[in-house]
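The values are calculated or read from the model by the stated rules, or taken from the named source; none is laboratory data. Given the structure is predicted, the values throughout are model-derived calculations rather than measurements. In this analysis, Cβ positions are derived from the backbone assuming ideal geometry, glycine residues included, and neighbour counts consider all displayed protein chains. Protein only, heavy atoms only, side chains kept; ligands, DNA and RNA dropped before computing areas. Shrake-Rupley method; radii C 1.70, N 1.55, O 1.52, S 1.80 Å.
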Amino acid sequence: MRLSEHMTLAELCKTSVKTEDGNIPSHVHIENLKRLCRWLEALRERVGVPIIINSGYRSPAVNKAVGGVPTSNHQTGCAVDIRVAGLDQAVQYAATLLDISTQWCEDFDEIIIERNARGTYWLHFAVRPEGNRRKIRMTSRLGVEKAKTAHH
């Protein structure tokens, strides 16, 4: 099922985690994913390259299995994690999404540049149907091994 010109439902629901619920979104979740895709299509058009999604919709079971926060926008189909080549591209995508927000006079919920313990960056982007907080930040997630050695 196509959610937009370049994005499919399968692409926005893919996961390597197997759960009993099959990570199947509801119709409400699909509408939220379509809203996100509108932004992703605008981002794609402006940066001139395909947007690759690492993670989109996550059922509560999938979200728990991957260590997502209990209030994650992924669980409602309102968030995606976008693959980026590094910090420069993450900043470029974030700035482009801010420009889109300004031009459309529409708010987003979150733009977060994230990095894991291996140094891999991605951009978390979320848009809710209402109550968007316009939260912008950068965060780093330490791996368990690194966190243990940091205390010694």
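Condition (residue is modelled with pLDDT of 95 or more, outside any loop (DSSP other than H, G, I, E, B), charged (D, E, K, R) and open to solvent by 80 Å² or more (accessible area, probe 1.4 Å)) applied to segment 11-18: is it met by at least one residue?
There is no residue in segment 11-18 that is modelled with pLDDT of 95 or more, outside any loop (DSSP other than H, G, I, E, B), charged (D, E, K, R) and open to solvent by 80 Å² or more (accessible area, probe 1.4 Å).
How about segment 38-134: which strands (runs of 3 or more DSSP E) wholly inside it have at least 2 residues that are touching a Lys or Arg at 6+ places or on another chain (Cβ under 8 Å), surrounded by 13 or more Cβ atoms within 10 Å (Cβ to Cβ) and not hydroxyl-bearing (Ser, Thr, Tyr)?
Numbers: elements: 53-55, 79-83, 110-115, 121-126.
By residue number, 53-55, 110-115.
Residues in segment 19-32: is at least one polar (S, T, N, Q), buried (at least 17 other Cβ atoms within 10 Å of the Cβ) and either assigned to a helix (DSSP H, G or I) or touching a His at 6+ places or on another chain (Cβ under 9 Å) (or both)? Lay out the reasoning, then the answer.
Keep residues of segment 19-32 that are polar (S, T, N, Q), which gives 19, 23, 26, 32.
Adding the requirement that they be buried (at least 17 other Cβ atoms within 10 Å of the Cβ) leaves 23, 32.
The next check asks that each one be either assigned to a helix (DSSP H, G or I) or touching a His at 6+ places or on another chain (Cβ under 9 Å) (or both); those that pass are 32.
Yes, segment 19-32 has at least one match.
In segment 1-10, what residues are within 18 Å of ARG83 (Cα to Cα) and surrounded by fewer than 13 Cβ atoms within 10 Å (Cβ to Cβ)? Break it down stepwise before answering.
Within segment 1-10, the first condition is being within 18 Å of ARG83 (Cα to Cα), and the residues that meet it are 6-10.
Passing the criteria: only ALA10.
Could you tell me how many of the residues in segment 1-50 are closer than 21 Å to SER101 by Cβ and of a type outside the set (Phe, Trp, Tyr)? Walk me through it before giving the result.
Initially, segment 1-50 is screened for residues closer than 21 Å to SER101 by Cβ, giving 3-7, 12, 31-49.
Now drop any that are not of a type outside the set (Phe, Trp, Tyr), which leaves 3-7, 12, 31-38, 40-49.
Result for segment 1-50: 24.
Could you count how many residues in segment 76-95 are of a type in the set (Val, Ile, Thr) and either closer than 17 Å to LEU33 by Cβ or more than 15 Å from the chain's Cα centre (by Cα) (or both)?
Filtering segment 76-95 down to residues of a type in the set (Val, Ile, Thr) leaves 76, 80, 82, 84, 91.
When the remaining residues are screened for being either closer than 17 Å to LEU33 by Cβ or more than 15 Å from the chain's Cα centre (by Cα) (or both), the result is 76, 80, 82.
Counting residues in segment 76-95 that are of a type in the set (Val, Ile, Thr) and either closer than 17 Å to LEU33 by Cβ or more than 15 Å from the chain's Cα centre (by Cα) (or both) gives 3.
I need every pair where a residue in segment 44-71 that is within 22 Å of ALA85 (Cβ to Cβ) has its Cβ under 6 Å from the Cβ of a residue that is assigned to a loop (DSSP other than H, G, I, E, B) and at pLDDT 95 or above, sequence separation at least 6 or different chains.
ARG44/ILE51
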